[in-house]
1. Mind computing the radius of gyration and Dmax over the alpha-carbon atoms of the chain? Å is fine for both.
2. Grab the chain and count how many Lys pairs have their alpha-carbon atoms under 17 Å apart, sequence gap of 8 or more, or different chains.
3. Fully extended, how many nm does the chain gain between residue 57 and residue 110 (0.36 nm per residue separation, minus their Cα-Cα distance)?
4. Using a basic spin-label model with each label point 7 Å from the Cα along Cα→Cβ, how many nm lie between residue 141 and residue 157?
5. Given the -39500 (n - 2.57) contribution per DSSP H run of 4+ residues, what per-residue ellipticity at 222 nm results for the chain, rounded to the nearest 500 deg cm²/dmol?
6. For an R0 of 35 angstrom, estimate the FRET efficiency from the Cβ-Cβ distance between residue 164 and residue 25 and round to the nearest 0.05.
7. When the distances between all Cα atoms of region 3-95 are binned every 10 Å from zero, what whole-number percent does each bin get?
8. Which longest run of the chain has no exposed loop site in it, a site being trypsin sites (Lys or Arg not before Pro) in a DSSP loop with at most 14 other beta carbons within 10 Å, and the site itself not part of the run?
Amino acid sequence: MSLVDDFIIKIFQEYIQHRIAYEFNNIEVGKIAVTIVNILLNSKFPLSDDKIAMNVNISITDVRKILQILYRLGIVSLSRETSMTQPRYDYKWSLTKEQVKKHIFTIIQQVLSKLVRIVKYLSSTTLYYCPTCFSRYTIDEVYEFNFECPLDNTPLVQIDLDKELNFLTNLINNIKELLQSQGMGEIHE
């Protein structure tokens, strides 16, 4: 595995941990989800939820809850196979490195899309900020508040949008170049 692949997997693991911890409002569940993801990534074959539960050493019910959230988020794949021993279906879960890359790429596209919208917004407005509390205000709000922060009465200062626009534009271009250099495709804005 290349250094870039390792980096992408690390980012993905961090994303999974925080996203699942948020879903369950529990940091430990986020860590368990990362363990489940790692098991699936290292498996050459799809795994049933009971095999995953044995590897993680938690109840099958808890594993199923996590897997269902991961499936709903489009992170893991689910396949249904006919059982050889009983008249029922066996459900198996899988995750590939390509799925991980695709998911990270989708997140990056969403972030870039938001950055582009921010640049478009900043290009067409005038903003002010409070040097004490750093709250931002539009020109209409500034007139309404008589050029003073409504929170602490500090005089408002106009933001140098050229610096922010240059920073954001360079950031967008750098991310696009990095993705293209890694063969992750074109970014659509």
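Only the coordinates and a few stated rules stand behind these numbers; no lab work does. Owing to the predicted nature of the structure, the values given are computational and were not obtained by experimental measurement. Here Cβ is always computed from backbone atoms with ideal geometry, including for glycine, and neighbour counts include all displayed protein chains.
1. 23.3, 78
2. Eligible lysine pairs with Cα atoms under 17 Å apart amount to 14.
3. 15.5 nm
4. Here the modelled spin labels are 1.8 nm apart.
5. Mean residue ellipticity at 222 nm (helix-derived): -20000 deg cm²/dmol.
6. FRET efficiency, residue 164 to residue 25: 0.50.
7. Cα pair-distance distribution for region 3-95, in percent: 16, 49, 27, 7, 1.
8. 89-189
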